[in-house]
Structures are given as C-alpha cells and as structure tokens.
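Engineer: Okay, here's the structure, questions in a sec.
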Amino acid sequence: MYRVWNFVTNYSLLLIFGALIALVWANTDPHSYHVLVEYPLWFNDTIGVSMEKWVKLMGEDAEAFGHAETAKVLTAHYLVNDILMAFFFAIAGKEVWEAVILKNGSLRGKKAATPLFATAGGMFGPIGVYLGLAAFLGSDTYDAVANGWAIPTATDIAFSYLVGRLVFGAGHPAVRFLLLLAIADDAAGLIILAIFYPTGDLAPAWLLLSLASAVGVYVFFNWLPRRLDRGDQIRPRSTWVRQKLSWWPYLVAGALSWFGFAQSGLHPALGLLPIVPTLPHADRAFGIFAEAEQYLTDLLNHTEHLLKHPVEVVLFLFGLMNAGVEFSAIGDPTWLVLAGLIIGKPIGVLLFGYVGAHTLRLGLPEGMRTVDLFVIGCVAAIGFTVSLFVASVAFEPGPVQDAAKMGALFSFAAAAISLVAGKVTRVQKREA
C-alpha cells in the first residue's frame with residue numbers, strides 16, 4: 001500500500017546532499033560559506049531580516065555590498081527558511097489536516113488514542129532530558145541553552161518511516177503506529193513553532209490579514225461556486241473555477257497570509273497553513289506515502305502534486321543553508337540535543353504509550369508488543385529536518401546554534417540504535 005522509497009529518494013536524498021555540501025564547505029572555507037548564507041538579495045523596507053541584524057551577521061563583509069540604508073535585507077537564508085520552507089510546512093499541514101478532519105482520518109477515533117499518548121511522551125521525554133541535563137551542567141549552561149528545549153522533540157517523518165520499515169518490516173503494525181506518531185508530532189511541532197518561537201515583537205492584528213485571506217478565498221472560490229451549483233449535476237460554476245482559475249486564487253491568498261504572519265511576529269514559514277484547509281478536498285485520503293494519493297484529482301491533492309518537485313529543491317537548499325556547521329562547534333548543546341532525542345524519545349514513548357495502552361486500557365494494535373514502543377521511540381529519535389529548523393529559530397546565529405545543529409545532524413545515530421534495539425528485543429519482521 002505504501003511506497004516510501006520514491007519519497008525518500010526525491011525528498012530526503014536531496015536534503016542530505018545539500019547538508020553534506022554545506023558541512024564540507026563550512027569546514028573547508030567557512031568565510032565563503034558564511035557569505036553565501038547571508039548574501040543580500042534585496043535591500044528593502046518590507047521583507048527580510050533587519051538591517052541592523054544583517055550588518056552584525058556579515059561584519060566587515062557588509063561593506064562590500066554598496067547599498068542605500070533600508071530597514072530590511074532579503075538574504076539567501078531568509079528566502080529559504082522563511083519563504084520557501086512555507087511550502088514544505090504546507091505539505092506537512094495538509095497531511096495533518098487530512099488525518100484530523102476526514103471521517104476516516106488516521107488521527108481520529110480510538111485507533112489514534114495510544115499513538116497520541118506516545119506522541120506526548122515523545123515530546124515530554126526529550127524536553128525533560130534536555131532541560132534536566134542542562135540544569136545538571138550548571139546555571140550558565142542552562143541559561144544559554146534553555147530556549148532550545150523544543151529541538152529534540154522533533155521527528156523526521158520520512159527518515160523515521162524508512163528506518164521503521166527496515167526494523168519492523170513493511171507489514172508490521174508498529175510501522176503504522178510510528179506513522180501516526182510522526183504525523184501527530186508534526187502537528188505539535190507546528191503549534192510549538194507558532195507559539196514559542198516568534199520572529200519578532202508580536203503584532204497579532206496582522207493575523208487578521210491571514211484570516212481574511214483564508215475566509216475570502218474559501219467563500220468566493222470554494223463555498224460560493226458549490227452553493228450556486230446546488231441541484232445542478234453539471235456543476236458549471238465549480239467546474240469553471242477549478243479549470244480556469246485552478247490554484248491561482250489560493251496562491252494569492254497564501255502570499256497575503258504569509259505577509260500577515262511575517263508582520264505579526266509569528267514565524268512566516270507557517271504562513272500558508274491557514275490556506276490549506278480552504279482548498280477543495282476529496283472526502284477521503286489514502287495517507288502519506290500512499291501510491292494511490294497520486295490518483296486523487298481534488299484541488300488540494302493536485303496542488304500538493306504540483307509542489308512535489310519544487311519542494312525537493314527547497315529541501316536541498318534548506319540543507320545547504322542550515323547544515324554548514326564547523327566540527328569545532330561541537331559542545332554541550334550538541335550532546336544535550338542528542339541525549340534528548342536518543343534517550344528522552346524512547347523512554348517517553350514507552351512510558352506514555354504504556355499508560356495509554358494498559359493503564360487507561362486503550363490497547364495496542366493487534367500483533368504489536370509493549371516493548372515495540374521502546375523500539376518505535378528509538379526510530380522516532382531521528383530529528384534531522386525539523387530539529388535543524390527549530391535550532392535555527394531557537395538561537396541566534398553563533399556557537400550555541402551551531403552546536404545545537406550538530407546535535408540534530410548526529411541524530412542519524414538513532415537509525416543504528418534502532419536496528420540494534422530491534423535485534424535485542426527480538427522484533428519479528430513482517431513484510432507486506
């Protein structure tokens with residue numbers, strides 16, 4: 001039913017390729033890499049990082065770019081992390097939206113109860129380990145790294161799903177459980193980014209622009225055509241809107257929503273999320289990685305298919321712009337992030353999953369053992385993409401951010417740990 005290999009090849013390998021280039025570049029010629037990341041694409045008064053911050057980041061190199069005094073600078077890093085990554089989070093939001101809203105959504109009903117408990121454990125466990133060890137290292141370390149508490153809560157859905165298949169086999173119920181956990185983790189991660197990591201002073205009035213964009217595009221290009229077509233099986237107005245206008249009204253609404261987020265102080269990479277639910281959607285979904293998804297012709301799935309290849313490029317650029325960390329940057333934040341992931345995740349998933357499955361008697365999927373929860377936690381400890389992203393917003397550019405990013409990169413060690421855990425716990429692989 002599920003075809004993960006193409007997804008991993010298209011998305012994850014390009015991301016890894018970009019990250020590897022960045023690592024090599026940053027460790028052979030850090031100065032030129034730094035200039036690339038902060039390269040000014042547009043001096044303006046509306047979009048980008050503040051001029052003051054850019055000059056501080058560029059240092060003496062800022063003088064090489066002759067420019068008039070403006071309030072903002074659109075840099076290469078801002079373009080990728082704050083604008084282009086909005087399309088990546090829109091796809092993640094689409095999967096979460098389907099899982100929650102559709103009648104047979106994977107995050108609805110009793111079948112999702114235990115995975116949701118395990119998801120909570122997979123977040124509280126890493127936070128507890130991260131902050132607990134930071135406190136043990138002393139108040140200076142704690143104060144320096146405390147804002148990065150959300151970094152080890154992330155789960156890289158594509159890599160974790162791939163490793164889960166290797167450990168359990170494609171037909172094992174634990175793989176489905178892992179997928180539900182990862183989707184719920186994505187949803188929680190989006191909420192954390194919005195609430196705890198604003199990009200500037202909050203100006204919530206600007207969110208009215210995002211709200212108006214979402215409501216307007218839904219009413220005029222989704223609800224109204226269907227309303228006017230009631231009783232008419234030909235549905236001429238809905239068909240005209242779908243064929244002639246397609247996704248263009250939603251792109252315009254998305255641009256306005258993104259701008260509202262950017263001006264409100266919330267992270268603009270989340271700016272397309274309010275628009276996702278407004279697109280016409282089929283009454284069912286086959287699930288992320290499902291081959292059958294490509295045959296759905298509703299506008300939401302059609303738009304996701306159109307975004308597929310552009311987002312591949314975006315993830316390559318994301319790896320290139322964010323993974324360029326010098327190995328000399330390894331420090332306390334590296335080990336705190338890594339400990340949060342490879343210790344906190346398995347323990348948290350096991351404890352909370354046990355409470356949900358046995359104490360509250362919500363149960364586990366047929367054929368899945370309690371000890372499998374621990375192995376699932378090991379697999380979910382691969383943070384990578386979202387951990388890198390959170391590290392980039394949790395800390396200002398500098399040694400602490402670089403060290404935390406290295407911890408996110410090192411989380412790939414969880415793949416090897418998962419394979420060992422599967423052997424030790426005698427997981428019986430089941431192929432589809």
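Engineer: Give the number of residues within segment 225-266 that are more than 12 Å from Pro280 (Cβ to Cβ) and under 33 Å from the mean Cα position of the chain (by Cα).
Structural biologist: 19
Engineer: Let me ask something else. Could you check segment 357-379 and list, in sequence order, the residues that are within 15 Å of Met123 (Cα to Cα) and either in contact with a His (Cβ under 9 Å, 6 or more places away or on another chain) or of a type outside the set (A, V, I, L, M, F, W, C) (or both)?
Structural biologist: Within segment 357-379, the first condition is being within 15 Å of Met123 (Cα to Cα), and the residues that meet it are 373-374, 376-379.
Gly377, the sole residue that qualifies.
Engineer: Pick out the one residue from Phe177, Phe159, Phe221 that is more than 25 Å from the chain's Cα centre (by Cα) and either more than 30 Å from Phe374 (Cβ to Cβ) or in a helix (DSSP H, G or I) (or both). If you could, list the steps in order and put the result at the bottom.
Structural biologist: Numbers: Phe177 fails: more than 25 Å from the chain's Cα centre (by Cα); Phe159 fails: more than 25 Å from the chain's Cα centre (by Cα).
Just a single option satisfies the conditions, and that option is Phe221.
Engineer: Taking interchain pairs and intrachain pairs at least six residues apart, which have beta carbon atoms under 8 angstrom, with the first residue in segment 306-330 and farther than 15 Å from Phe89 by Cα and the second among the hydroxyl-bearing types (Ser, Thr, Tyr)?
Structural biologist: Asn322/Ser392; Gly324/Tyr33
Engineer: Another question, then. Taking the stated definitions as given, is Val337 under 30 Å from Lys244 (Cα atoms), modelled with pLDDT of 90 or more and assigned by TED's automatic domain parsing to the domain that holds Leu15?
Structural biologist: no
Engineer: Looking only at segment 181-200, which residues are of a type in the set (Gly, Ala, Ser) and not in a loop (DSSP other than H, G, I, E, B)?
Structural biologist: Answer for segment 181-200, where residues must be of a type in the set (Gly, Ala, Ser) and not in a loop (DSSP other than H, G, I, E, B): Ala182, Ala184, Ala187, Ala188, Gly189, Ala194.
Engineer: If you take the residues in segment 53-92 that are touching a Lys or Arg at 6+ places or on another chain (Cβ under 9 Å) and of a type outside the set (Phe, Trp, Tyr), which one is nearest to Ala184 (Cα to Cα)?
Structural biologist: Checking each candidate, the answer is Ile91.
Okay, residues lined up against (1) at pLDDT below 85; (2) farther than 16 Å from Thr385 by Cα:
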| residue | (1), (2) |
| --- | --- |
| Ala120 | no, yes |
| Leu133 | no, yes |
| Ser139 | no, yes |
| Ala154 | no, no |
| Val163 | no, no |
| Ala170 | yes, yes |
| Ile183 | yes, no |
| Ile191 | no, yes |
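Engineer: Which of the helices (runs of 4 or more DSSP H) found entirely inside segment 345-432 contain at least 1 residues meeting this: under 30 Å from Val325 (Cβ atoms) and charged (D, E, K, R)? Write out each step before concluding.
Structural biologist: Values: elements: 345-354, 371-379, 384-394, 399-410, 413-424.
Answer list for segment 345-432: 345-354, 399-410.
Engineer: Here's something else I'd like to know. Since Leu15 meets every condition but one in (1) in contact with a Ser or Thr (Cβ under 7 Å, 6 or more places away or on another chain); (2) exposed (fewer than 14 other Cβ atoms within 10 Å of the Cβ); (3) at pLDDT below 90, which condition does it not meet?
Structural biologist: Unmet for Leu15, out of (1) in contact with a Ser or Thr (Cβ under 7 Å, 6 or more places away or on another chain); (2) exposed (fewer than 14 other Cβ atoms within 10 Å of the Cβ); (3) at pLDDT below 90: (2).
Engineer: Quick check, is Ala381 over 20 Å from the mean Cα position of the chain (by Cα) and in the same structural domain as Leu190 (by TED's automatic domain parsing)? Give the steps one after another, and end with the answer.
Structural biologist: Values: over 20 Å from the mean Cα position of the chain (by Cα): no; in the same structural domain as Leu190 (by TED's automatic domain parsing): yes.
When the stated conditions are applied, Ala381 does not pass them.
Engineer: Is there any pair with a first residue in segment 120-149 that is without any contact (Cβ under 8 Å) to a residue 24 or more places away in the chain and a second that is of a type in the set (Asp, Glu) and surrounded by fewer than 21 Cβ atoms within 10 Å (Cβ to Cβ) whose Cβ atoms are under 8 Å apart and which are 6 or more apart or on different chains, and what are they?
Structural biologist: none
The values are calculated or read from the model by the stated rules, or taken from the named source; none is laboratory data. Since the model is a prediction, treat every value here as computed from it, not as a measurement. Heads up, the Cβs are rebuilt from the backbone with ideal geometry, glycines too, and the neighbour counts pull from every protein chain shown.
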